[in-house]
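Have a look at this one before I ask anything.
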Amino acid sequence: TFGIFIPWYVTMIESWKAKHTVIDGHRLRFDGSASSLIGQWLKWLLLIIITFGIYSFWVNIKMKQWITKHTHFDY
């Protein structure tokens, strides 16, 4: 699949993790979608190509920021 399924996999895993995590009596909720992650991946790929691979060092950090941005407490 050339990695096309990875955004769906990531969102399913993060959703499962959030659903099964409780902090101080509050459950987490993950609201990220695979389509928005694909958009981010295309942007990151373009930046990697433009910078001759240098931006790839930041992709892992950006991925963690995207996941954190879409994870909330479910009150």
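The values are calculated or read from the model by the stated rules, or taken from the named source; none is laboratory data. Source: prediction; values computed, not measured. Note that each Cβ is placed from the backbone with ideal geometry, even for glycine, and that neighbours are counted across all protein chains shown. Heads up: the accessible areas ignore ligands, DNA and RNA and are worked out on the full protein's heavy atoms, side chains in. Shrake-Rupley method; radii C 1.70, N 1.55, O 1.52, S 1.80 Å.
Please list, ordered by residue number, the helices (runs of 4 or more DSSP H) wholly in the chain having 1 or more residues that are open to solvent by 40 Å² or more (accessible area, probe 1.4 Å) and of a type in the set (S, T, N, Q).
Here the list reads 34-50, 56-69.
Is there any pair with a first residue in region 18-35 that is touching a residue at least 24 places away in the same chain (Cβ under 8 Å) and a second that is among the polar types (S, T, N, Q) whose Cβ atoms are under 6 Å apart and which are 6 or more apart or on different chains, and what are they?
Every condition considered, the pairs that remain are Ala18/Thr71; Leu28/Thr21; Leu28/Thr71; Phe30/Ser15; Phe30/Thr71; Gly32/Thr11; Ala34/Thr11.
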